[in-house]
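The values are calculated or read from the model by the stated rules, or taken from the named source; none is laboratory data. No experiment lies behind these values; they were computed from the predicted model shown. Note that we place each Cβ from the backbone using ideal geometry, even for glycine, and neighbour counts take in every protein chain shown. Areas reflect the complete protein model, heavy atoms only, side chains present, ligands, DNA and RNA absent. Shrake-Rupley method; radii C 1.70, N 1.55, O 1.52, S 1.80 Å.
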Amino acid sequence: MRRFFTLILSAIILLNILAANQVFAASAPMISSWEVDNREILNNERVIAKSSYKISAIYPSTVINILGANFPGYRGPGQLVVYKQNFGRTTGTNEFGKEAVIENNKVVKLTGANSLIPKNGYVISGHGSAKKWITTNLKIGTNIIIDEQTNTITAYTTVDSYRFNAKEKIKEAEDFLDNAKKMQENPGEKKAKYYLKKAKQDLRKSNRANDNMAVSYAKSSSEMAKIALNYTLPYIANELKGTWIRPTEKNIYEVKRTLDNMQSIGLNTIFLETYFHGYTIFPSKTMKSYNFTGQNPIFAGFDPLRAYVDEAHTRNMKVHVWFESFYVGNKHPSNDPNSILSIKPEWGNKNKANYEKETYVAHPVEHNGYFLDPANPEVHNFLVLIVKEMIANYEIDGVNLDYIRYPSAQKATSTGYEASNWGYTNYARTEFKKLYDIDPVNIKYKDSLWTKWNDYRQNKITNYLSKMRKATKNKVILSAVIFPDYKTALETKQQDWQKWSDKDYLDAITPLILTSDDELFEIMLKEIKTKISSKTTVYPGLFIGFMEGETEDLLKQINVSRSLKSGGVILFDWAHLGNKYKEALKFCVFTSTCQ
């Protein structure tokens, strides 16, 4: 009998292994790249390169794409997903992928995230290995064929793909040049016209040449048009040209070198991450008064805030403190017995799915990080004291509040929305129950009191901001990092930035523009402008560098920002601002010399 059960158990294990292998095989990407036969033809053009990839999902949802159910846009790790018009206006993805916009079976735009879905096409989106495939194989002009029977996408690069790319680059440069004339005199106009002329000449040569020379001339045409584009945007003196930076410098000489580098490309404002992951970069008396770690150990014996403020001001640059309000990092608090949540575990936030846990909960999507409870007034008082300490002891120019929100929940259309909501701490539940005679864990989405529960949490964030306003008013500029889609910000993060602006609780907002799609960027910025007071300045946060976009994408967004009368732009972030972006900014747009 024992042997019989052993055989049965072995059979079950074997079946489970086989099933698991089938699931893995179905979800694993199929990648194939190869040199094609020179005689292969597509649309009467010679095929130069060809590559295929397995699609994870078309029209992704929590049902169709289970692996992506908990991720923005329902795109999971390592997946390639296709978004068609019926999915919605945009893909809704995050900044950790790469996307290609397809119209008439041709790549017309490469973006980083949350792309507009065209009416006459679709968007291909990839993360991880799929992102790498898109980056390697898809260019403007690449031809795309999708086989929905086998869920396979094939990319074909032909001679005409290169010509198409050149035409698009020339048109972009011409449009930019026309738009620049409407703003002010542009010292780079002559050079822009010179390189545009060369780009058009090379394109005409490409149209007349044989295949090999046609590709060479088309590539040259694209390069000339890109150089022309760099000269099309004029320098504007009175705009904020900023970047967010997490300091890594350990001495004054390294700080000087970083600031010299920033100044050389025209930056005039830095947003220095000063309180992040639950630590200050400066020796803080406030932190010590709570028995928390007094300074981030990586800066022991050095005060980066002091060095940055002093050195920046000698260069006529301004320093705004970049401040992570309710986020305290993704290292387990027990790693440091003097970390905030080790000393004050009751300050930790919890979601509904884990409300019964005695202590703090990590967020599975937000880097497995931990958050403080915005409902707890002790948390507010602590954070305000840190800001007051900096204002009193350092000549900072502003405070930029980040993570001024609840941890991300899923969208309301998701089946996991209710359980993914945050704020179910003992403090909040007790206070809410006193107000409405019900524990919020017993309120379900769409119940009559669900709106009250949302209002309660939104008001807690707004109340925190009002305290920061009192601490900073008439002393420094106060700004806040926001998510541009107002409905989504309310629904998933309890962030009511329209109310903040209406109540004049801040001087400026710094929206996170998590896309390299300039068309969507313009839509987002226009929507923000319709919802905020004219007293609130907008400094869009551009993520092109972080998403490894093209330099022209960065220039396009600066162009849109200026057209919509923003106060300037902030680049995210200095660590991801590669040399190609720095060189593009130095041409004209950020420097008055216009090289």
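Rounded to the nearest whole Hz, the Karplus-based 3J(HN,Hα) values (6.51 cos²θ - 1.76 cosθ + 1.60, θ = phi - 60°) of the stretch 552-567 follow the sequence 5, 5, 5, 5, 4, 5, 4, 4, 5, 4, 5, 4, 9, 6, 6, x, with x at glycine and proline.
If I take every Cα pair under 8 Å that is 6 or more residues apart in the chain, average their sequence separation and divide by the length, what percent do I get for the relative contact order?
Working: 1181 pairs, mean separation 70.7, N = 595.
Computed value for the chain: 12 percent relative contact order.
Computed from the Cα positions only, the extents of the chain along the three principal axes stand at 86, 78, 47 Å, in decreasing order.
The alpha carbon centroids of the stretch 237-260 and the stretch 154-168 are separated by 40 Å.
Give the calculated FRET efficiency between SER533 and SER334 to the nearest 0.05, with a Förster radius of 45 Å applied to their Cβ-Cβ distance.
Numbers: r = 44 Å, r/R0 = 0.99.
FRET efficiency, SER533 to SER334: 0.50.
Under 5 Å between amide hydrogens, built in the peptide plane, is the criterion, and for THR158 it picks out ILE48, ASN143 among residues at least 5 positions away or on other chains. For the set LYS167/LYS205; LYS119/LYS411; LYS352/LYS499; LYS241/LYS411; LYS54/LYS487, the pairs lying more than 22 angstrom apart at their alpha carbons are LYS119/LYS411; LYS352/LYS499; LYS241/LYS411; LYS54/LYS487.
Work out, step by step, the length gained on full extension between VAL441 and GLU185: first 0.36 nm times the residue separation, then minus their alpha carbon distance; give nm to one decimal. Before the final figure, lay out each step's value.
Values: separation 256, 0.36 × 256 = 92.16 nm, distance 6.07 nm.
Full extension from VAL441 to GLU185 adds 86.1 nm.
So for the stretch 471-518, Kirkwood radius off the Cα pairs, Stokes-Einstein at 4 °C and 1.567 mPa s: how many µm² s⁻¹? In µm²/s, the coefficient is 109. The accessible surface of the chain, taken with every protein chain in place and a 1.4 Å probe, is 51 percent carbon and sulfur.
Largest to smallest in accessible area, the residues GLU168, GLU223 fall in the order GLU223, GLU168 (1.4 Å probe, all protein chains included). Working note: Karplus 6.51/-1.76/1.60 with θ = phi - 60° gives the stretch 118-125 the couplings x, 5, 9, x, 7, 10, 9, 10 Hz, where Gly and Pro are set to x. Close amide H contacts of ILE477 (hydrogens built in the peptide plane, cut-off under 5 Å, sequence separation of 5 or more or a different chain): GLY398, VAL399. 3J(HN,Hα) along the stretch 453-468, derived from phi through the Karplus expression 6.51 cos²θ - 1.76 cosθ + 1.60 where θ = phi - 60°, amounts to 5, 5, 4, 4, 6, 4, 5, 5, 5, 4, 5, 4, 5, 4, 5, 5 Hz, with x in place of Gly and Pro. For ALA113, the residues whose modelled amide H falls within less than 5 Å of its own, excluding neighbours fewer than 5 places apart on the same chain, are SER516, ASP517.
Whole number in Å², please: accessible area per residue of the stretch 169-278, 1.4 Å probe, ligands, DNA and RNA not counted. Please list the in-between numbers first.
On the way: 5300 Å² over 110 residues.
The answer is 48 Å² per residue.
Take the residue pairs LYS50/LYS171; LYS50/LYS191; LYS181/LYS582 and return only those whose Cα atoms are more than 31 Å apart.
LYS50/LYS191
Give the Kirkwood hydrodynamic radius (Å, one decimal) of the stretch 115-170, defined as one over the mean of 1/r across all pairs of different Cα atoms. Provide the component values of the computation, followed by the final result.
Details: mean 1/r = 0.0790 Å⁻¹.
In the stretch 115-170 this quantity evaluates to 12.7 Å.
Computed over protein heavy atoms with a 1.4 angstrom probe, the accessible surface ordering of HIS320, HIS332, HIS277, largest first, is HIS332, HIS277, HIS320. The residue among ALA375, GLY112, SER448 whose Cα reaches farthest toward the positive pole of the charge dipole of the chain, with charges on the beta-carbon of Lys, Arg, Asp and Glu, is GLY112.
To the nearest 500 deg cm²/dmol, what mean residue ellipticity at 222 nm is calculated for the chain from DSSP H runs of n ≥ 4 alone, each contributing -39,500 (n - 2.57), summed and divided by the residues? Please report the intermediate quantities before stating the final value.
Values: 18 runs with 238 residues, N = 595.
Rounded to the nearest 500, the figure is -12500 deg cm²/dmol.
How big is the gap, in Å, between the Cα center of the stretch 502-522 and the Cα center of the stretch 285-364? Comparing the Cα centres of the stretch 502-522 and the stretch 285-364, I get a distance of 25 Å.
Which of the trypsin sites (Lys or Arg not before Pro) across the stretch 528-593 are loop residues per DSSP, with 13 or fewer other Cβ within 10 Å? The partial results should precede the final answer.
Values: sites: LYS529, LYS531, LYS535, LYS556, ARG562, LYS565, LYS580, LYS582, LYS586; in loops: LYS535, LYS565.
The qualifying sites are LYS535, LYS565.
Work out the FRET efficiency for THR150 and THR488 from their Cβ-Cβ distance, taking R0 = 41 Å, and round it to the nearest 0.05. Spell out each step's value before the answer.
Working: r = 35 Å, r/R0 = 0.85.
Rounded to the nearest 0.05, the efficiency is 0.75.
Please calculate how many Å² of accessible area the stretch 291-427 carries per residue, with a 1.4 Å probe and no DNA, RNA or ligand atoms counted.
Values: 5310 Å² over 137 residues.
Per-residue accessible area for the stretch 291-427 comes out at 39 Å².
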